[in-house]
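Input: a single structure, listed below in C-alpha cells.
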Amino acid sequence: MLLRTFAHMMFNRWLFGVLLVCSQPLFSQQSPQDRGDNHIEITTKIPKSFQGDEWFKFRIHYGIFNASFATIEVKEEMWEGNPVFHAKAVGSTTGIARWFFKVDDYYDSYFTKDTVSPLYFIRNINEGGYKKHVTIRFNESDNIAQVSDILNKKKGTYTTKPNVQDLISCFYFLRSKLDVSSIKQNEFVVVNLFFDESNYAFKFKFLGKQTIKTKFGYVKTLKFRPYVQSGRVFRSNESITLWVSDDNNKIPLRLQASLRVGSITADLDEFKGLKNPFEIVVQN
C-alpha cells in the first residue's frame, strides 16, 4: 500500500501543477466560503499563456533516485465538430523505482479554446496491477458530469459546481485565467474540480516571488502552496511548494513535497512550443 501510494502520488502531484491524485483525497470537499478564505478573481480573457504543440517533460526525484518521468502536451484539434484544445499527460516510473513498482498512467482532456472549460476527460492507469479506466463527459450548461467506469461497467450522472475543471484542464485554466497581477502575498486561490465521482475545492496560497536556479538558468518565479490533507503521505497540509515562471507562459518549473518518509522533487527537464518568450535572468 505504501509503495502504491508513493508511486501514484509522484506522477499525479506534479502534472497539475500539481497534478494531484492520491489514494487519499487531496482536496477539501468543504465549500471555500465556509472557511472564510480570501479569493482571487479568475479572469475571462482568451488564453495567452499557451498554444497548440506546447510540450513539457518533468523529471521526478525521490531522494537521490531518479524515480519517474511525466510529460504533458496540448494540441489544437476538432472534437465533435468543434475546434478544441486536446491535452495528454503520461507518466511512468523508471530505473530502480520501476523494479519496485511499475506505473503507467495516461490522462486525456478535451477543453474549449476560449473559456478552457472541460468537455471530455479520460483517466487510464495501471499502478502495480491496480487498474482504473474512467471517462467523464462534462455538460457545463447543465452543471452535470456523466461518468463511465469502463472496467467495472458502471455509469453515473453527477452534479458539478460552476466553472468546474478536470484534473488536466485545470492546469491550463490556471495558467491562462488567473490574473497574477492582482495576487497579494498570502492570498488564496480556489478552483472547483470534479474527479472520479466527486466535487473538490482545490485551494492554494500565493507565497510571493522568488528567483530560482533551474537547468535552463536563473528564472523569476511565482511561489505557491497547494493545500493537501496531512496523514500517511504528507507531513502536514502545507507539505507541497510549487514554483511557476513569472512571465506570460506561467511554466511549472519545480515542485517539492515533504512526505511522511522522505521527500520528492519534480523539475522541468525539457520543453518546446511555448507561446511566449522564456525569460532567463542574467546573474552578475
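Just so you know, all these numbers are worked out from the coordinates, no wet-lab data involved. Since this is a predicted model, take the numbers as computed values, not measurements. So basically every Cβ, Gly included, is an ideal-geometry build from the backbone, and we count neighbours across all protein chains shown.
Can you work out the FRET efficiency for the pair H133 and T211, with r the C-beta to C-beta distance and R0 = 51 Å, to the nearest 0.05?
Working: r = 42 Å, r/R0 = 0.83.
Between H133 and T211 the formula returns 0.75.
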Gained length - Q51 relative to Q185, 0.36 nm times residue gap less alpha-carbon distance = 45.4 nm
Can you tell me which of 157-164, 105-112 comes out highest on packing, and rank the rest after it, using the mean Cβ neighbours within 10 Å?
-> 105-112, 157-164
Pull out the extension gain between K88 and I144, defined as 0.36 nm times the separation in residues minus the alpha carbon to alpha carbon distance; nm, one decimal.
-> 17.9 nm
Tell me the label-point distance for the pair N163, E80, using the 7 Å Cα-to-Cβ offset, in nm and rounded to one decimal.
-> 2.3
Once you put a point 7 Å from the Cα of K155 and another 7 Å from the Cα of T71, both along the Cβ direction, what distance in nm separates them?
-> 3.4
